[in-house]
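Worksheet: the structure to be examined is printed underneath.
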Amino acid sequence: MSRRLLLLDLVLVVLAGILFSQLRREWIDEHARTAAFLAVQIRPVPARPLTLLARFAPLSAVTYSTVAQQNLFSKDRNPQVIIDVEPPKPKPIPAFPVARGVLLWEGTPPAILLSTKSGGAQRAYRAGDQIGEWKLVSVDNQYVTFEWDGREFKKRIDELMDRNAFVAEAPAPQAGAAPARQNTAAPKPAGKSLGDTPKDVPGVDVGSTDIRGCESGDSTPVGTIQNGFKKVVSATPFGSACRWEQVK
């Protein structure tokens with residue numbers, strides 16, 4: 001038993017010697033690496049020269065105007081005053097011409113008797129004619145279209161009628177009354193132009209050689225014949241229509 005213990009002790013001593021030898025060798029290697037590291041000389045790198053920082057300009061309140069202008073909670077943040085320019089006022093529409101009636105005869109373009117004001121001088125106008133500031137675009141038995149300042153205005157004829165200038169239909173001549181004087185002068189030749197119409201021919205020139213319109217305030221009795229024209233008054237939806245027709 002004692003021999004086994006001695007053998008075991010001997011093995012342990014040998015192992016302890018081997019371990020110590022290994023540790024001593026590693027210590028020597030480590031000491032040599034440390035000495036070699038410390039023996040190395042490192043050249044110092046020269047430091048870069050220091051550069052001076054840019055010099056800041058002194059603070060000024062004017063430089064902060066952008067901050068004030070972008071303040072959404074300030075009504076006067078924008079120093080540029082915007083002046084509101086008043087838009088140009090639209091031109092006032094001139095007064096519409098005053099109508100006396102419409103001339104609608106077969107074979108003749110429709111015409112309308114107009115005057116610039118109530119009771120003023122009247123004459124017949126057709127599409128394309130100019131009366132005052134208005135241009136006549138179209139006319140029929142109910143509507144008339146005017147053009148002014150590039151715009152068109154469609155009006156009912158009864159809205160434009162001059163109610164104060166209608167010639168009332170004359171009553172029939174009473175028994176015993178003197179008959180109206182008749183003029184037996186020869187009728188105007190159809191071949192003459194309207195500019196050659198004598199001054200004593202009754203009515204208003206409406207652009208036709210055999211029909212003329214009644215003048216404002218014409219009180220000549222119905223049926224009167226003057227210079228080959230007979231006065232005729234007929235009822236229309238707009239009132240009494242007066243005209244002079246050439247006697248044929």
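Taken together, the values in this text are just the output of simple stated rules run on the coordinates, not laboratory data. Please read these numbers as outputs of a predicted model, since none were measured by experiment. We place every Cβ from the backbone using ideal geometry, glycine too, and count neighbours over all the protein chains shown.
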For this session: Starting from the amide H of Ser216, placed 1.01 Å from N in the peptide plane, find each other amide H under 5 Å away whose residue is 5 or more places distant or on another chain.
Result: Gln122
Seminar exercise, completed: Listed by chain and number, the aspartates and glutamates with an alpha carbon less than 13 angstrom from that of Lys248, same-chain partners under 8 positions apart left out, are Asp210
Seminar exercise, completed: Filtering trypsin sites (Lys or Arg not before Pro) in segment 1-93 by DSSP loop and by at most 13 other Cβ atoms within 10 Å leaves Arg55, Lys75, Arg77
Exercise. Hey, fewest Cβ within 10 Å first, where do Val137, Val206, Val13 land in order?
Worked result: Val13, Val137, Val206
Exercise. Under the Karplus relation 6.51 cos²θ - 1.76 cosθ + 1.60, θ = phi - 60°, what is the ordered set of whole-Hz ³J(HN,Hα) values for segment 23-34, x standing for Gly and Pro?
Worked result: 5, 5, 5, 5, 5, 5, 5, 5, 5, 5, 5, 5
For this session: Provide the packing ranking of 226-234, 109-117, i.e. peptides ordered by the mean count of other C-beta atoms within 10 Å per residue, highest first.
Result: 109-117, 226-234
Problem set entry | ³J(HN,Hα) computed for each position of segment 64-71 - Karplus, 6.51 cos²θ - 1.76 cosθ + 1.60, integer Hz, glycine/proline x | 9, 5, 4, 5, 5, 5, 9, 7
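Kindly state, to the nearest 0.05, the FRET efficiency for Lys155 paired with Val247, given R0 = 35 Å and r defined as their beta-carbon distance. Mind dumping the intermediate values first?
Working: r = 35 Å, r/R0 = 1.01.
Here the calculated transfer efficiency is 0.50.
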Seminar exercise, completed: In order over segment 94-107: 3J(HN,Hα) from phi, Karplus 6.51/-1.76/1.60, θ = phi - 60°, whole Hz, x for each Gly or Pro, gives x, 5, 6, x, 9, 9, 10, x, 10, 10, 10, 10, 4, x
Seminar exercise, completed: Counting only residues 5 or more apart in sequence or on a different chain, those whose built amide H sits under 5 Å from that of Phe229 are Val247
Seminar exercise, completed: Taking a crude spin-label model, label points 7 Å out from Cα along the C-beta direction, the Ile42 to Asp9 distance in nm is 5.5 nm
Seminar exercise, completed: Assertion target for Lys91, Lys135, ordered by fewest C-beta neighbours within 10 angstrom first, is Lys91, Lys135
Seminar exercise, completed: Taking placed amide H atoms and a strict 5 Å upper bound, the residues 5 or more places from Asp129 or on another chain that come that close are Leu136
